[in-house]
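Quick notes on the structure that follows.
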Amino acid sequence: MSENTTKDHVQPLPPDVGGGPAPTTEVTETGVAERFRHGGEGYATLVWRRFRRSTMGMIGLVLVSLLLIVAIFGDFFAPMDPKRPELPFAPPDMIAFEDPAGNFSLLPHIYPIGETGELDPITFQPLTGPVLDDPTPVGLFVKGHSYKLLGLIPTDIHFFGTTDGRPMHLLGTDKFGRDILSRGIVGSQISLTIALVVVAITTVVGTLVGITSGYLGGAVDTWVQRFVEFVLAFPQLPLYLALTSLIPVTAPSNIFIAFVIGVMAVLGWAQLSREVRSKTLSLARIDYVRAAIAVGSSDTRIITRHILPNVLSHVIVAVTLAVPTVVLLESFLGFLGFAVKPPLISWGLMLQDTGTFSVIGSYPWILSPVIFVLIAVFAFNALGDGLRDAIDPY
């Protein structure tokens, strides 16, 4: 068939149904230049572009950033002294964006809860309610209790609080009259520090053991995996309780926290090492790794330059998903009394006050520390899910 005949039988593309121009397959130089105007896109740029499309991932990133900022500057964000006793089991104060005259105000007023002078018709208990004739204005960057910012700079400025120095309890108080909101903010320092340090140790140990075992193989891999299975075979909860109970009550706070971190890290690295080993076994058979072995590259260079960068994507996701697990574990052990001890403050230690049903029924605001745990777990899980979809979209 001749070339002219072939051209005669080519059917033109139909016009757009909506009346627009006919579609074309031509790629303009302007579009290419616009797409690559910043140069070649690296792996990190591609991951960030995919991650930005995840709404839950971005929400998790914002919440994690806020949690870390609040934890670092905990005393600055805490409106009250977390160790100052006030009225025990005081209910949360009422917040109103109206001044006593009924006008709208950007900065709210706090109406403390007090006795109304009336009795419950059934139980004859005094009824409580907001004291509307005694409002307390709230302001930003107000003076309060003294503390050291970052442990170095003495100051008494707080992000928010009452302008007249009166106490404010947005989430109520515990059985000793201490402000729950301030204790939750300051307690995030201990809880998140334990979680991040434990995850850092387990990540480093688990990654090194998994890569070494998967790459070397042979007898080394066999014996290492038997030891990993031995660690995984332990019932972790009874072992946690047994090991933490060995610490004397009179031990210094730093030693107690270090021991708790050590116990969690010793029992937490094995699962990640199994996951990293399985990925290393598949990567060790790829052509560029075999080529590096053939040209005489050292094992250290092959592991650090060829295998480790390809494993890091899985490790990063595992880190973000392991942090909420450790937060929940610390909260659970603290609830049982086997984690942080007073005078330290953590979310798990605050949950000890919820141990009896009668307390929860009479003072339901004592469950407020659960809010901090839920926010932290949701934030890191959302961030981990977003990173997992961005790093491995297929």
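Every number here is computed from the coordinates shown, using simple stated rules; none is lab data. As the structure is a computational prediction, the values presented were derived from the model and not from experiment. Cβ sites come from the backbone with ideal geometry, for glycine too, and all protein chains shown count toward neighbours.
Of note:
- Tensor-based shape of the stretch 292-394 (alpha-carbon gyration tensor, a/c under 1.5 rounded, otherwise prolate or oblate): prolate
- Positive end of the dipole of the stretch 201-334 (Cβ unit charges, origin at the Cα centre): among V228, S313, L281, the Cα lying farthest that way belongs to L281.
- With a simple spin-label model that places each label point 7 Å from the Cα along the Cα-to-Cβ direction, the separation between R53 and N310 comes to 2.5 nm.
- Subtracting the Cα-Cα distance of L107 and D287 from their residue separation scaled by 0.36 nm leaves 58.4 nm.
- Partners for K341 among lysines (Cα-Cα distance below 24 Å; same-chain residues under 8 apart left out): K83, K148, K175
- Computed label-point distance, nm, for sites D392 and T222 using a 7 Å Cα→Cβ extension: 2.9 nm
- The length gained on full extension between L239 and A200, counted as 0.36 nm times the residue separation minus their Cα-Cα distance, comes to 11.9 nm.
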